[in-house]
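The values are calculated or read from the model by the stated rules, or taken from the named source; none is laboratory data. Quantities reported herein were computed from a predicted structural model and do not represent experimental measurements. In this analysis, Cβ positions are derived from the backbone assuming ideal geometry, glycine residues included, and neighbour counts consider all displayed protein chains. Quick note on the areas: whole protein, heavy atoms, side chains included, nothing else; ligands and nucleic acids left out. Shrake-Rupley method; radii C 1.70, N 1.55, O 1.52, S 1.80 Å.
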Amino acid sequence: MRIIVFVKQVPDTDKVSVDGEGRLVRSGAPAVMDAYSECALDMACGLAGDGDEVIAASMGPPGARAALLRCLELGAGEAFLICDPAFAGSDAHATATVLSAFAMEIAPGADLILCGKQASDGDTAEVPPELAEKLGAPQFCYVEDIRIEGGSMLLVQNYGDELRACRHPLGALAVASVSKGGANRRLPSVSAYLRAAAMEIKTVDAAALRLPEGAAGARGSKTRIASTMASGAGRRGEAVDGSDPALAASAILRGMAP
Amino acid sequence: MSDRCGAGGCGERLPPGMLEAFDLGSPAADGALVWLEVTGGPEPEISQSSLEVLGKAAELGAGRVFGMMFGGSALRPLYGEAFSRGADTVYHIRDGRLSAFHPEAYCEAARDLAERIRPSVILMGATPRGRELAPRLASALSAGLTADCTGLRMEGGSLVMTRPAFGGDLIADIVCEGRPQMATVRPGVFPAPPPAPGRKGTAICRGYGGSSLKDIAHSAPVPPDGGDISRAKVLVSLGRGAASREALEAAESVAARLGGMVSCSRALVDRGLLPQSRQVGQSGRSVRPDVYLAFGISGSVQHKAGMRLAKRVIAVNKDPDAPIRDDADLFIEGDALSVLRELDKALRSPL
C-alpha cells in the first residue's frame, strides 16, 4: 500500500507575541508541524505494514523542511518539499491543484492520501475535499480511525452528532482528513533520529509537477483578499485586584450587568 | 472580474470541440443557491444554520434564492418551511439513499444544478458537513470558496466575504475570481429569519442518476451532551489555571444558576475533564454569548479566535500579563478556583 501524507508547517501560535497595538508579531515565532498534520502522519505510520510506503510531502517555503524532517523521524519512508516561488499566495484551490499534481506525477498509484483536518494558521479545512474532487476520489473528513478489514479499509468519521464507519475497497484511492491521532503516537527513538538525519528531503518544483504557468500561486487562486483590518483589539478594559475572592466575585456579578 | 465574458455571451470564446458554455463566470449568473441541510431522522427539519444562511441569502439582494435539499419523500413537508424563510425555489434531489450524507453524490447533483441555474452565489452553513461538501463542490465548479465567514455583503455583483484570519487578530475581506462565488457561513452569527407563513414558492424534484454513493457500514448518533455552547447566552469557561474536578463542579453550579453552560479551553479536553464539544477556539467551537466568564484561561490565539464575538468578557487569571487581558472588558487578577467558589457561594445565597 502506498500512503501519501500531506503535512503543513505553521507558526507556533502559542509563541506568537502581541505588540502594543494588539497586532500579532509572527517574526521569530518558531515554525512547527501542524498538530492535525502530525495526527495524519501518525495514522499513516500506524497503518503501514511491511512493504507499505509512507510518503510525506509539504507544500511551503524551504523552512518547511523542518516539518518534513519530523515526518522522517516519526517513520515516513520518503519526504518531499513542494516548493516554487510560483506557488506563493496559493489559496485552497491552487494548493489542491499543486497537491493533486504531486499525487499524479511524483507519487502515482497511491491507495490513500491523508491530510490533517485543518491547519491552525489558515483554518479553512478546504484542501482535502478539493484535492479529492480533483483526483476523482471519494473523501472522508473528520476521520478518527482507519482499520484494514479483509479487502477493505474501514474509516471511522466523527461528525460531532454522528459517528459512522464507511467501507472503502483497498486498491482504490481514498482521500481522508484526520482529526485525531492514531494509536501509534510515540516519541521517535534515537535510532529514528539518526536514520532521519541521514535521509534526503527531495525538492519538487512547478516544472517537476508539469504545472502550466499560472496554475498555482496567486494567479491560480480563485479567491483574493480585498482588504484586512485589525479586529476588535482594544477591548482591554478595567483590571481589578482579585486577592480577596469574595470581593472579586461581587465584581464579577456587577460586571455581568449590561 | 465579472466581464470575462462579454454581453454577447461566451460562444465565440469557447475552445474548439466544446459544445456548450458552462461559463459560470458569466455576468448572467444570478441568484443565490443555498444548501438546506436536514437534521433529524424520522421527522426531518431544516437545520438552524441553514435557516440562518437562507435569511442572509434573501437579505443579500443577489437575486432569486434557490434552496437545494437531498433525501427521500419525507422531506416534502419542508418545502413550505423553506419558502416561509426566504427560498423562492426549492430543488429537491429526491432519492431515499441521499438521506445519509454522501458528499460525492451531493456534489455531483449540486454541480449539475449549478450548471443549469447558474447562481452567482452558493452558500452553506459552516457545519461539519457544510465544510466538507462546499470545498468539493467549489473544486468541481472551479469556484472560489471562503470558509467560515462571519460577514457577507454584495458590492456591485461581487460577494464580499468577511472572515477572521490569523486566529482572529485580523479581519479579512475576501472576494472570488469568477462565478459562482462560494462561502460557508459560521453558525450562530446571523439570525434565522422569522417565518412568513403563506409565502409561496416553487418546488422542483429531480432524481439522482449517479452512482457516487459511499458504503456506510455503521452509523450511530452521538448523544448530545446537554446542549450546544455556540448558542449559550452565558458561558462559564475553564482553562489551564482551573483544570480540576473541583473547578468543574463549581463552574457547573455557577452556570446552572446563571442559566448558562460550561465551556473550556483545550487544557480540559486534553485532561479528559470535558468533551471536545465544549471546547472554545479554533479547533473547537466558536461562541457568541452575552457574557463569557473566563477562569484560568490565558488566552492563546486559537482560543481567542473562538470567543471574539462574545458581547462581554470577564476574565480571572493570576497572571496580570495573560494575553486574555487584552480581550477582557473586566480583568480580575486572582486565583481562578477561589474566585469561582466565591462566585458560586454568592449565587447560592439569596440576597
Kirkwood Rh, Cα atoms: Rg over Rh of chain B: 1.04
Charge dipole (the protein assembly as shown, unit charges on Cβ, about Cα centre) - positive-most of B:Gly144, A:Gly160, A:Val175: A:Gly160
Radius, Kirkwood style, for chain A when every pair of distinct Cα atoms is counted (Å): 20.2 Å
Number of partner chain Cβ atoms within 10 Å, mean per residue of A:159-172: 5
Angle in degrees between helix B:336-348 and the longest Cα principal axis of chain B, rounded to the nearest 10: 90 degrees
Helix B:103-117 vs. chain B, principal-axis angle (Cα, 0 to 90°, nearest 10): 50 degrees
Globularity index of region B:11-206, i.e. its alpha-carbon radius of gyration over 2.2 N^0.38 Å: 0.99
Radius of gyration and Dmax over the Cα atoms of region A:128-258, both given in Å: 25.3, 68
Dipole-positive endmost among B:Asn317, B:Ser230, B:Leu340 within region B:229-348 (Cβ charges, Cα centre): B:Ser230
Where A:Thr95, A:Thr228 fall by accessible area, highest first, once all protein chains stay in place (1.4 Å): A:Thr228, A:Thr95
Cα pair count fraction exceeding 33 Å, expressed as % - the protein assembly as shown: 47 percent
Test item: B:172-178 mean partner chain Cβ contacts at 10 Å: 6
Normalised contact order of chain B, rounded percent, pairs of Cα under 8 Å and 6 or more residues apart: 14 percent
GNM flexibility winner over chain A from A:Glu238, A:Glu53, A:Glu130 (Cα, springs under 10 Å): A:Glu238
Sequence-distant residues sharing a close amide H with A:Ala239 (under 5 Å, placed H): B:Phe331
Charged-residue dipole, Cβ positions (Lys, Arg, Asp, Glu), region B:229-348 about Cα centre, Debye nearest 20: 480 debye
Relative contact order of chain A, defined on C-alpha pairs under 8 angstrom at six or more residues apart (%): 24 percent
Total charge dipole magnitude, chain A, about the Cα centre, Cβ charges on Lys, Arg, Asp, Glu only, Debye to nearest 20: 200 debye
Order by protection proxy (mean Cβ within 10 Å, highest first), peptides B:312-322, B:134-144: B:134-144, B:312-322
Filter on A:Lys134/A:Lys222; A:Lys202/A:Lys222; B:Lys56/B:Lys214; B:Lys233/B:Lys318 - keep pairs with C-alpha separation over 21 Å: A:Lys202/A:Lys222; B:Lys56/B:Lys214; B:Lys233/B:Lys318
0 to 90° range, to nearest 10: angle between helix B:48-60 axis and chain B longest Cα axis: 60 degrees
Region B:285-340 and region A:215-229: distance between their alpha carbon centers, rounded to Å: 34 Å
Nearest-20 debye value, the protein assembly as shown charge dipole, Cβ charges on Lys, Arg, Asp, Glu: 960 debye
Region B:154-269: C-alpha gyration tensor shape, a/c 1.5 cut-off, then a/b vs b/c: prolate
Relative contact order %, region B:11-206, counting alpha carbon pairs below 8 Å whose residues are six or more apart: 27 percent
